[in-house]
Amino acid sequence: MTTRTASRTPFGRLALGARRPYLTAAVFLVTLACGIAQLAHPPLYDAVVRDAARIDDGEWYRLVTGMFFQDGWAFGLVSNLLWLAVFGTLAERVFGRARWLVLYFGCGLFGQFMSYVWLNPVGAGNSMCVVGLIGALAAVVVVASRRYGVVLPVQFRVMAFAVPVLAVVDTVVHDNHGLPCLLGMALGFLLLPRPVTTSQSG
């Protein structure tokens, strides 16, 4: 396989999935709508937030709704949507829509559950979903040269190898983003898209 340099558009050569990020856009809009509803009617947050005591009482739906509302309110909504727009688009183009769904909601639900049982019993936000995508993209960067013949800029490779280290440190300090990020990286290796062969790309 000929090694290709992807310095101008680093992930352009790895866009093996969906050409248009429709799924990212749909989740973006749903999360935005939930955030606006929360800001317009603050009591709504108490009904949907991840709350260990309420979950223990049988309100398991909070593990899901916790992925669409924000404990950071307006600032959390804006920042998390920006991260979703950037990394959601990249992940959808690299992994495709089906794998994107597994990564985003699989890591998000895992993060919600681990927060409930251990790390942070009360909270909400889609950031744990997004860090799952970041972990998966880091996995792609690690194998980009060997598997896809794409040489990414050195800063991307350094950041990719830093992701699991930072995720472990994050968990040690009792933050709840490290574990879904590590799961995202593990799933990223398992769900790596197939390389495009000459016959397929021709």
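The values are calculated or read from the model by the stated rules, or taken from the named source; none is laboratory data. Everything numeric here is computed off the predicted structure, so don't read it as measured data. When we count neighbours, we look across all protein chains shown, and the Cβ atoms used for this are built from the backbone with ideal geometry, even at glycine. The protein model used for the area step is the full one, side chains on, heavy atoms only, and it has no ligands, DNA or RNA in it. Shrake-Rupley method; radii C 1.70, N 1.55, O 1.52, S 1.80 Å.
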Looks like the chain, by Cα gyration tensor root eigenvalues a ≥ b ≥ c and the a/c under 1.5 rounded cutoff (else prolate when a/b is bigger than b/c, oblate otherwise), is prolate
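Mind ranking 55-61, 31-37 by how tightly packed they are, going by the mean number of other C-beta atoms within 10 angstrom, highest first?
Sorting 55-61, 31-37 by mean packing, highest first, produces 31-37, 55-61.
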A 1.4 Å probe over the protein heavy atoms gives the stretch 120-202 a carbon and sulfur accessible-area percentage of 69 percent
Provide the packing ranking of 123-136, 154-167, 171-184, i.e. peptides ordered by the mean count of other C-beta atoms within 10 Å per residue, highest first.
123-136, 171-184, 154-167
Kindly report, to the nearest 10 Å², the accessible surface of L44 as traced by a 1.4 Å probe over protein heavy atoms only.
50 Å²
The farthest towards the positive end of the charge dipole of the stretch 1-152, of the residues Y61, W83, I36, given +1 on Cβ of Lys and Arg and -1 on Cβ of Asp and Glu, is W83
For the stretch 1-134, what's the relative contact order in percent, using C-alpha pairs closer than 8 Å and at least 6 residues apart?
34 percent
